[in-house]
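The values are calculated or read from the model by the stated rules, or taken from the named source; none is laboratory data. Predicted model only: the values in this text are computed from it and were never measured. Because the Cβ atoms are built from the backbone with ideal geometry, glycine has one as well, and the counts that use them run over all protein chains shown.
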Amino acid sequence: MKVLIVCNNAYMRGNGICTAVLSLLNRLKATGIDARLIACENPDPNGEQPDYQLKHFKFPIFEPIIYANGFRYAAIDKRVITEAVKWADVVHLSEAFPLEVVTVNIARKLNTPCVATFHIFSQNIMANLGLKRAPIINGVLTWCWRKTVYDYCTHIHCPTNTVRNHLNDCGYKSQLRVISNGIDVQGESVLPTIDIDEKITILCIGRLANEKSQKTLLEAMKHSKYAHRIHLHFAGRGPKEKSYKKMADKLVRKGILSHQPVFGFYSADELKALARKSYLYIHCAWVEVEGLSCVEALKEGVVPVIAQGKFTAASQFALDERSLFPESDSKALANRIDWWIEHPQERALMGAKYAKSVKNYNISDSIEQIIQMYRDSIGS
């Protein structure tokens, strides 16, 4: 089987789509499938390059915002795209942008079946343009994606039930398959013993952007009884970094926080080490297709507190209501944080349960289901 994966950008660290695409590509190859990638060139000249390389298209006016959010658009080259599609038995689209529109049209002419993954909500894009609530625009954009790309795919890979339910509500016609993007769950986690006699480390992983809403955690410190003992650690980078650092500095100056919050960008091993020494993991995003950074943290035995809302798929990882709070509600988040601090024995018990729960998101199982989706697409 020859699988062509289509993605605008696959080589920028910190971008969830890039991580998922490269993971899929490498896992497919490991099973013996001939998988190739068509994407924008890697900005690192010494790094790995896609099999079918496209140039970087710099979007007028919005390029600084796009780049700050860890994304790059690929320039359209119909000759390269046609060559790639002719080679493939099935085409796997990662987005619904101009590259995918052109690719699906070429695939239709060549009678090559297409599948797609729904990696982002329209709300992700609007949030980074400063429009958190724009129902009409979001509705139009989701409709355009359906009409130009997704309706021409035999199957749509939905990473969560939240995505499937949304696409059903929006009238998507392709067959919807709920398959987690998955993580490597091999090996048993050795759970650390967390000492919170003095400093309580709280971890938040994710791109520093509007829809990730890390400001909710910073604002929650104003309402927490234990803020003076809490040490916040933000792992990620993005367009809101300067703004969030100013908020953090202000909390320290006012005496609300005694420990200066840390902002950094880390490797997978470094994130693992951070999770192991953290008492809680906070996930504030109000729009999230899956949120596997949360699962990666849970594997290390940290207890999460996750935002819950219409587009917050990461809330599925919570094992009970004590690990949930209404999206953007800083007071409710502070109450959850305080409760877990006041119940260390329960936190230790649930940490072990959360570490076991990640078995439900085994990437090996996900790859098997993805491959079956390809077979079904080719057969249809």
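If you go through segment 1-29 one residue at a time, how many are buried (at least 17 other Cβ atoms within 10 Å of the Cβ), more than 21 Å from ALA68 (Cα to Cα) and either out of contact with any helix residue (DSSP H, G or I) (no Cβ under 9 Å at 6 or more places or on another chain) or among the acidic types (Asp, Glu) (or both)?
Residues in segment 1-29 being buried (at least 17 other Cβ atoms within 10 Å of the Cβ), more than 21 Å from ALA68 (Cα to Cα) and either out of contact with any helix residue (DSSP H, G or I) (no Cβ under 9 Å at 6 or more places or on another chain) or among the acidic types (Asp, Glu) (or both): 1 in total.
Can you confirm whether segment 256-273 contains a residue that is closer than 28 Å to ALA127 by Cα, within 17 Å of the chain's Cα centre (by Cα) and assigned to a strand (DSSP E or B)?
The answer is no; no qualifying residue exists.
Restrict the check to segment 230-248 and report whether at least one residue is assigned to a loop (DSSP other than H, G, I, E, B), under 29 Å from ILE65 (Cα atoms), of a type in the set (A, V, I, L, M, F, W, C) and not assigned by TED's automatic domain parsing to the domain that holds HIS157.
Scanning segment 230-248 turns up no residue that is assigned to a loop (DSSP other than H, G, I, E, B), under 29 Å from ILE65 (Cα atoms), of a type in the set (A, V, I, L, M, F, W, C) and not assigned by TED's automatic domain parsing to the domain that holds HIS157.
Under 6 Å between Cβ atoms, at least 6 apart or on separate chains: pull out the pairs that start in segment 85-107 with a residue that is touching a residue at least 60 places away in the same chain (Cβ under 8 Å) and end on any residue that is assigned to a helix (DSSP H, G or I) and small (Gly, Ala, Ser).
Final answer for the pair search is VAL85/ALA107; VAL90/SER377; VAL91/ALA107.
Working only within segment 151-175, note down all residues that are under 22 Å from GLU368 (Cα atoms), crowded, with 20+ Cβ neighbours inside 10 Å and within 22 Å of the chain's Cα centre (by Cα).
Listed by number, the residues that qualify are HIS155, ILE156, HIS157, CYS158, PRO159, THR160, THR162, VAL163.
Tell me whether segment 333-355 contains one or more residues that are surrounded by fewer than 16 Cβ atoms within 10 Å (Cβ to Cβ) and outside any helix (DSSP H, G or I).
yes
In this structure, is GLY70 on the phi > 0 side of the Ramachandran plot, at pLDDT 95 or above and not polar (S, T, N, Q)?
no
Could you tell me whether GLN372 is of a type outside the set (Val, Ile, Thr), over 19 Å from LEU218 (Cα atoms) and not assigned by TED's automatic domain parsing to the domain that holds GLU211?
yes
Name every residue in segment 324-354 that is among the small types (Gly, Ala, Ser) and under 19 Å from the mean Cα position of the chain (by Cα), in order of residue number.
SER328
Could you go through segment 98-111 and let me know if any residue there is over 24 Å from the mean Cα position of the chain (by Cα), at positive phi and not basic (Lys, Arg).
The answer is yes, given that some residue of segment 98-111 is over 24 Å from the mean Cα position of the chain (by Cα), at positive phi and not basic (Lys, Arg).
Of the conditions (1) of a type in the set (D, E, K, R); (2) touching a strand residue (DSSP E or B) at 6+ places or on another chain (Cβ under 7 Å); (3) surrounded by fewer than 24 Cβ atoms within 10 Å (Cβ to Cβ), GLU290 satisfies every one except a single condition; which number is it?
Failing condition for GLU290: (2).
Of the conditions (1) within 30 Å of MET1 (Cα to Cα); (2) buried (at least 16 other Cβ atoms within 10 Å of the Cβ), GLY379 clears all except one; give me its number.
Tallying (1) within 30 Å of MET1 (Cα to Cα); (2) buried (at least 16 other Cβ atoms within 10 Å of the Cβ), GLY379 fails exactly one: (2).
Restricting attention to segment 172-205, and to residues there that are of a type in the set (A, V, I, L, M) and modelled with pLDDT of 90 or more, which single residue is nearest to ASN26 (Cα to Cα)?
Across segment 172-205, the extreme among qualifying residues is ILE183.
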